[in-house]
Amino acid sequence: MTRSWQATPGRTIVAVFDHGADFYTALHQVCTEHGIRQGYIPTFIAGFATADLVGTCERLEDPQAPIWSRVQLSNVEAVGGGTLAWDEGAERVAPHIHVAVGLKEHSATGHTSHLLGATVQFLTEMVIVEVAEPLMFRRKQPDLYNVPLLRI
């Protein structure tokens with residue numbers, strides 16, 4: 001099944017996160033400052049001193065199930081994107097960000113996954129496109145391991 005809807009774009013915000021900033025804290029500050037409750041991030045580029053991505057080196061008991069463990073990386077270059085939905089319970093934007101990163105000192109060896117957290121190294125340059133309507137939120141899907149899926 002595919003779900004789709006027409007979205008009305010709102011403002012476009014360009015943000016630069018400073019060296020040493022916590023990625024998600026900075027993203028929340030930008031969204032709060034500009035009153036962004038939902039939208040998408042078509043692209044961003046970043047240097048990260050540290051980055052935690054979803055991943056594991058362990059054998060998976062259920063290869064279909066989501067992985068909740070993390071791989072910790074350092075000194076990486078990243079490109080990414082994602083969606084922003086409103087979390088009514090927390091009264092804040094709920095980002096869903098994926099990145100492709102390269103380990104600089106290992107011939108730019110790559111990793112791609114869900115970004116759990118990061119510390120900015122030098123810069124993060126991001127474009128955020130607000131979605132004016134419809135309301136976007138996430139709802140846990142019980143038959144899919146309670147993964148929170150984007151809904152309208």
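The values are calculated or read from the model by the stated rules, or taken from the named source; none is laboratory data. The structure displayed is predicted, hence computed values, not measured ones. Please note: Cβ atoms are built from the backbone with ideal geometry, for glycine as well, and neighbour counts cover all protein chains shown. Accessible surface areas use protein heavy atoms only, side chains included; no ligands, DNA or RNA. Shrake-Rupley method; radii C 1.70, N 1.55, O 1.52, S 1.80 Å.
Brief remarks follow.
- Residues being in contact with a strand residue (DSSP E or B) (Cβ under 6 Å, 6 or more places away or on another chain) and either aliphatic (A, V, I, L, M) or more than 26 Å from Arg151 (Cβ to Cβ) (or both) - total across region 29-64: 14
- For Leu53, the requirement of being surrounded by 15 or more Cβ atoms within 10 Å (Cβ to Cβ) and touching a His at 6+ places or on another chain (Cβ under 7 Å) is met.
- Residue pairs whose Cβ atoms lie under 8 Å apart, sitting 6 or more positions apart in sequence or on different chains, and linking a residue in region 26-37 that is closer than 16 Å to Val131 by Cβ to a partner that is open to solvent by 20 Å² or more (accessible area, probe 1.4 Å) and part of a loop (DSSP other than H, G, I, E, B), are Cys31/Arg37.
- Contacts under 7 angstrom Cβ, first residue in region 65-78 being over 17 Å from Val147 (Cβ atoms) and hydroxyl-bearing (Ser, Thr, Tyr), partner open to solvent by 40 Å² or more (accessible area, probe 1.4 Å) and assigned to a strand (DSSP E or B), 6 or more apart: Ser74/Thr50
- Total residues in region 68-91 satisfying the condition of being over 21 Å from Pro9 (Cβ atoms) and either open to solvent by 70 Å² or more (accessible area, probe 1.4 Å) or at pLDDT 95 or above (or both): the figure is 14.
- Selection over region 12-25 of residues that are in contact with a Ser or Thr (Cβ under 8 Å, 6 or more places away or on another chain) and either within 22 Å of Glu133 (Cβ to Cβ) or surrounded by fewer than 18 Cβ atoms within 10 Å (Cβ to Cβ) (or both) gives a count of 3.
- Selection over region 68-97 of residues that are out of contact with any helix residue (DSSP H, G or I) (no Cβ under 9 Å at 6 or more places or on another chain), closer than 19 Å to Thr124 by Cβ and not small (Gly, Ala, Ser) gives a count of 5.
- Members of region 75-125 that are in contact with a Pro (Cβ under 9 Å, 6 or more places away or on another chain) and of a type in the set (Ser, Thr, Tyr): Thr83
- Yes/no for Ala65 being under 16 Å from the mean Cα position of the chain (by Cα) and either surrounded by 14 or more Cβ atoms within 10 Å (Cβ to Cβ) or hydrophobic (A, V, I, L, M, F, W, C) (or both): no
- Subset of region 93-140 that is hydroxyl-bearing (Ser, Thr, Tyr) and open to solvent by 70 Å² or more (accessible area, probe 1.4 Å) - its residue that is nearest to Leu53 (Cα to Cα): Thr112
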